[in-house]
Amino acid sequence: MDQKSNFEKQEDRIWEYLKWYPSMQQVEQLKSLQFLLKESNKQVNLTRLIEGNDFWVSQILDSLWPFKNDLNNQNKSLNIIDVGTGCGFPGLALAIAMPNSSTTLVDSTSKKTTVLKEIIEKLNLMSRVHIRTERIELTGQNRQFRHKYDIALARAVAKAPTLAEYLIPLLNSTGKAVLYKGKWCKEEHNELTKALIPLKGQIEEIRKFQLPKSRGLRNVIFVSASEKCPDQYPRSIGVPVKNPLIS
């Protein structure tokens, strides 16, 4: 049977937008993830986006589309960190879609990370998905994680200058920070550009994507480090939010 014929349900048509068709094992893992989030949501308020296209478009497709050029290379091995992961996106979607990669999920809320640990165990992803329960300012100053990652992600966590301060210290010499945003305007672009100067970073690319099913316009900003990020970044807990690097 042609693999594409296995994706007849409405929620599975999202693969056409990615030009990538997951294995049946990956599809089952994503469906299991949806079920586990529904069950966990009864005890802990993780996310409201767990039914139908709320899950398949607003969570899975939105998480994966910035990496559509990488998805067909299933042998690609990346070291990924998802900052402020919340209910596990975009990190968990990428972990399932790119099985040779290692993914670290960071969130400061223990209720959420406790649930994520249970979900990861049930999905049998413990060997390549790791959880950290702490503020990202601490992770970014920890030599075990600093300058380590190929990809550092953040979705719906904070404004772009703050995200840059969180993510750039985590990048290795060829790494990319990926900032998921909804609307993106000239003012935000200028603020990010200013913040990147002390961080020794630069904007590499901005991609736009109109999510199907009237789920809105998405922008993703790819940032790289032009030099090694200075040791003082990220600053102490709370400072990147209260005093962003835009003045």
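The values are calculated or read from the model by the stated rules, or taken from the named source; none is laboratory data. Values in this document were obtained by computation on a predicted structure and should not be read as measured data. Reconstructed Cβ throughout: ideal geometry from the backbone, glycine too, with neighbour counts over all protein chains shown.
Values for this structure:
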| quantity | calculated |
| --- | --- |
| Failed condition for Ala177, given (1) without any contact (Cβ under 8 Å) to a residue 60 or more places away in the chain; (2) touching a Phe, Trp or Tyr at 6+ places or on another chain (Cβ under 7 Å); (3) part of a strand (DSSP E or B) | (2) |
| Hey, Trp15 over 26 Å from Ser108 (Cβ atoms), outside any loop (DSSP other than H, G, I, E, B) and modelled with pLDDT of 95 or more or not | no |
| Enumeration of residues in the stretch 213-224 that are over 13 Å from Tyr166 (Cβ atoms) and surrounded by 12 or more Cβ atoms within 10 Å (Cβ to Cβ) | Lys213, Arg215, Gly216, Leu217, Arg218, Asn219, Val220, Ile221, Phe222, Ser224 |
| Qualifying residues in the stretch 78-132 (those that are out of contact with any helix residue (DSSP H, G or I) (no Cβ under 9 Å at 6 or more places or on another chain) and among the polar types (S, T, N, Q)) - the one surrounded by the fewest Cβ atoms within 10 Å (Cβ to Cβ) | Ser127 |
| Residue check, Asp70 charged (D, E, K, R), assigned to a loop (DSSP other than H, G, I, E, B), at negative phi and surrounded by fewer than 18 Cβ atoms within 10 Å (Cβ to Cβ) | yes |
| Positions within the stretch 212-247 being over 22 Å from the mean Cα position of the chain (by Cα) and not in a loop (DSSP other than H, G, I, E, B), in sequence order | Val239, Lys242 |
| Qualifying residue in the stretch 112-129 (condition: within 18 Å of Glu165 (Cα to Cα) and acidic (Asp, Glu)) | no |
| Matching residues, the stretch 45-62, being assigned to a helix (DSSP H, G or I) and of a type in the set (Asp, Glu) | Asp54, Asp62 |
| Number of the condition not met by Ala156 [criteria: (1) surrounded by fewer than 24 Cβ atoms within 10 Å (Cβ to Cβ); (2) at negative phi; (3) out of contact with any His (no Cβ under 6 Å at 6 or more places or on another chain)] | (2) |
| Which listed residue, of Ile80, Ile136, is farther than 25 Å from Glu28 by Cα, at pLDDT 95 or above and under 15 Å from the mean Cα position of the chain (by Cα) | Ile136 |
| Subset of the stretch 99-143 that is hydrophobic (A, V, I, L, M, F, W, C) and in a loop (DSSP other than H, G, I, E, B) - its residue that is nearest to Glu39 (Cα to Cα) | Leu123 |
| Test: residue in the stretch 65-72 that is of a type in the set (Phe, Trp, Tyr) and either touching a Phe, Trp or Tyr at 6+ places or on another chain (Cβ under 7 Å) or under 22 Å from Phe145 (Cβ atoms) (or both) | yes |
| Looking only at the stretch 15-50, and only at residues there that are among the polar types (S, T, N, Q) and in contact (Cβ under 8 Å) with a residue 12 or more places away in the chain, the one that is surrounded by the fewest Cβ atoms within 10 Å (Cβ to Cβ) | Gln43 |
| Tally, over the stretch 180-196, of residues that are touching a residue at least 24 places away in the same chain (Cβ under 8 Å) and part of a helix (DSSP H, G or I) | 6 |
